[in-house]
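Each remark here refers to the structure printed beneath this line.
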Amino acid sequence: MAETVVSPEMKELAASGQPIVEFDDVSIGFDGHEVLSNVSFTVAHGETRILLGPAGGGKSVLMKLANGLIEPDSGEIRVFGRSLREMSEKELFEMRAHVGMVFQESALFDSLDVEDNVAYRLEEEHVDPKEIRERVLEALRFVELEQVIDKFPSELSGGMRRRVSIARAIISKPDLILYDSPTGGLDPITSTTIMELVIKQRDVSQTTCLLITHRLQDAFTLATHRFNPQEKRVEKIPNNGIDPRTRFLVLNEGHIVFDGTTLELTHTKDPWLREYIE
Amino acid sequence: MSFISPEAYAKTIVASVQEYSLLCGRSVANIFSRPRYTADIFTQMDSIGVGSLPIVVLTGFFTGCVLALQAAVSLKEFGAVNMTGELVTLSMVKELGPVLTGLMVSGRNASGMASELGSMKVSEQIDAMRALGTDPYRKLVTPRLVATVFMLFFLTIISDACGIAGGAFVSVALLKLKAATFFHTGYMSLEHGDVVEGLVKPIFSGFIIASIGCYYGLRTTGGTRGVGRSTTQAVVASSVIIILVDFLVTQLMIGIFGR
């Protein structure tokens, strides 16, 4: 996980200036209730987009839409420059091979041990078993969980499961990572550990990512901290600096109420937004 | 309690049939294309086939025993106790073997599939599988479908054999018939069409058990309560459909073989 890995397709996409993820007037509803309404935004190459908003605002639905796990009722979603609507089921599976996803409740396969969970994608791709073992160890080392390689998910704590889930998402060195509330339901100390891993992954591999969080503290940690490769630890960006690649998207009741940078969010005049972030 | 409109109810049923048909179509189509999860097929064969062996053997044996006892009571009135072998063999091979094996395997495995896949669905493991680039129909449904159809065929043969053995045991031990008479009348009564009928039925039953079990599992919602509901629905639906399809296949076979 130590090196910056950008696939040739991504380099091409980045050079063309096309966004990695693009939502264009997307709406979706369930049982007659509209969950997302006319949502439009883009995520540029190398950008970290933080999704904020009250619970039930459609954030997780948006994440599943971005990975093609559900289809919108209307609008267009483009990932890596290609419309998901135009892709066949087979092409969607191929596209997902370039996307890592961390689920809200980890979603580890409970009948597989940690090693097989993390190795799942590589085994599906019939990678050489020796290489699989090396890459699993590398991914687990990245999340500092090498010692639990033989354990089953039921034997791990919530925070450990989340970290294994991150290892599973990053093992194939994806071009886009989707984090669905990676700190949801965790205690503050474990949440900090998880956020440090997200920052480390962002700064080490420069991967584009979309991250949902309910904790404003986590969001601002992501915007104001960086990974120091010399000291191998996460530190505050000097002189109250802000990571320029981190942007925010705030959703409320299925509508986008904010789309902009960290500074724009902290200086917003919108009364609802002010109340929300304060 | 809120009532659903007839229109919405009809739409729900049509949508369910469509969803089930798609699941069946995709699962069968997956057999003919790569990747194939051969190891998963063998794992399921072990779980469904070998795992169901004790209940199938016991059910078949005791059904044969009961059948011989009941048949002997009626046949005695006509002085035809010697025909017990014929009655037990025909009943087991044509009807009771396939149907009872189907129902027993349904009770054990349709519920197992629905609860396993249902738990995976509610804990987002199915979504995770899709997110990791794996088609859940290919990985989870197709191996179960192939394994159930294949193993139910052989389980039915075992059940038939155990049923005939049970009938022979009762005939010899309690009815004081000769074993040779029992097996001879049984063997002579069987015709080609009877054997074909008995071996075609488990193919349909196996398909029903796996497809219904997986269908209810994959449409599970509502947490652990939903898993319980799906499990019950899978067993009820597969059992009823097995008996319904048994009736239709029997009618078809009578049309083809004339008996």
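One table, with the values for the structure above:
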item	result
Long-range neighbours under 7 Å by Cβ, at least six apart or interchain, first residue under 14 Å from A:ARG163 (Cβ atoms) and in a helix (DSSP H, G or I) within region A:123-146, second at pLDDT 95 or above and of a type in the set (D, E, K, R)	A:VAL136/A:GLU115
Inter-residue pairs, beta-carbon under 9 Å, first without any contact (Cβ under 8 Å) to a residue 24 or more places away in the chain and in region A:86-98, second surrounded by 15 or more Cβ atoms within 10 Å (Cβ to Cβ) and part of a helix (DSSP H, G or I), 6+ apart	A:MET87/A:MET95; A:GLU89/B:ARG26; A:PHE93/B:ARG130
Conditions (1) modelled with pLDDT of 95 or more; (2) over 25 Å from B:LEU145 (Cβ atoms); number of the one not met by B:SER189	(1)
Count of region A:55-75 residues which are within 18 Å of the chain's Cα centre (by Cα) and part of a loop (DSSP other than H, G, I, E, B)	7
Matching option when the condition is over 17 Å from the mean Cα position of the chain (by Cα) and of a type in the set (Lys, Arg), among A:ARG135, A:ARG49	A:ARG135
Matching option when the condition is small (Gly, Ala, Ser) and either within 14 Å of chain B (Cβ to nearest Cβ) or under 19 Å from B:ALA128 (Cβ atoms) (or both), among A:ALA223, A:ALA219, A:ALA167	A:ALA167
Qualifying residue in region A:26-46 (condition: without any contact (Cβ under 8 Å) to a residue 40 or more places away in the chain, within 14 Å of chain B (Cβ to nearest Cβ) and part of a strand (DSSP E or B))	yes
Which numbered condition B:ILE4 fails, given (1) without any contact (Cβ under 8 Å) to a residue 24 or more places away in the chain; (2) in a helix (DSSP H, G or I)	(2)
Region A:113-131, residues that are within 14 Å of chain B (Cβ to nearest Cβ), among the aliphatic types (A, V, I, L, M) and under 23 Å from the mean Cα position of the chain (by Cα)	A:VAL118, A:ALA119, A:LEU122
One residue from A:VAL79, A:VAL114, A:VAL136 being hydrophobic (A, V, I, L, M, F, W, C), within 25 Å of A:PRO182 (Cβ to Cβ) and in the same structural domain as A:GLY29 (by TED's automatic domain parsing)	A:VAL79
Yes/no for A:HIS214 being at pLDDT below 95, at negative phi and not polar (S, T, N, Q)	yes
Lone unmet requirement of (1) within 14 Å of chain B (Cβ to nearest Cβ); (2) farther than 21 Å from A:VAL204 by Cβ for A:LEU176	(2)
Residue in region A:192-206 that is assigned by TED's automatic domain parsing to the domain that holds A:LEU263 and not in a helix (DSSP H, G or I) present	yes
Pick from region A:221-278, criterion under 30 Å from A:SER74 (Cβ atoms) and among the acidic types (Asp, Glu), ranking: surrounded by the most Cβ atoms within 10 Å (Cβ to Cβ)	A:ASP259
Residues of region A:150-187 satisfying the condition of being surrounded by fewer than 17 Cβ atoms within 10 Å (Cβ to Cβ) and farther than 19 Å from A:LYS59 by Cα	A:ASP150, A:LYS151, A:PHE152, A:SER154, A:GLU155, A:SER157, A:GLY158, A:ASP187
Among the candidates B:GLY198, B:GLY133, B:GLY206, B:GLY163, residue that is crowded, with 18+ Cβ neighbours inside 10 Å and at positive phi	B:GLY133
Residue within region B:12-23 that is within 19 Å of B:TYR137 (Cβ to Cβ) and of a type in the set (Asp, Glu) present	yes
Residue tally, condition in a loop (DSSP other than H, G, I, E, B) and among the hydrophobic types (A, V, I, L, M, F, W, C), over region B:175-199	3
Residue ID - nearest to the other protein chains (Cβ to nearest Cβ), chosen from residues in region A:76-112 that are touching a strand residue (DSSP E or B) at 6+ places or on another chain (Cβ under 7 Å), assigned to a strand (DSSP E or B) and closer than 29 Å to B:SER119 by Cβ	A:MET101
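Residue-by-condition table, conditions (1) touching a helix residue (DSSP H, G or I) at 6+ places or on another chain (Cβ under 7 Å); (2) hydrophobic (A, V, I, L, M, F, W, C); (3) at pLDDT below 90:
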position	(1), (2), (3)
A:MET1	yes, yes, yes
A:ALA14	no, yes, yes
A:GLU22	no, no, no
A:ASP25	no, no, no
A:GLY75	no, no, no
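Listed here are the residues, each with its yes/no results for (1) touching a residue at least 40 places away in the same chain (Cβ under 8 Å); (2) over 11 Å from the mean Cα position of the chain (by Cα); (3) under 19 Å from B:LEU23 (Cα atoms).
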{"residue": "B:MET151", "(1), (2), (3)": "yes, no, no"}
{"residue": "B:GLY166", "(1), (2), (3)": "yes, yes, no"}
{"residue": "B:ILE209", "(1), (2), (3)": "yes, no, yes"}
{"residue": "B:GLY213", "(1), (2), (3)": "yes, yes, yes"}
{"residue": "B:ARG229", "(1), (2), (3)": "no, yes, no"}
{"residue": "B:PHE247", "(1), (2), (3)": "no, yes, no"}
{"residue": "B:THR250", "(1), (2), (3)": "yes, yes, no"}
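The values are calculated or read from the model by the stated rules, or taken from the named source; none is laboratory data. Note that the structure is a prediction, hence the values are computed from the model and not measured. Because the Cβ atoms are built from the backbone with ideal geometry, glycine has one as well, and the counts that use them run over all protein chains shown.
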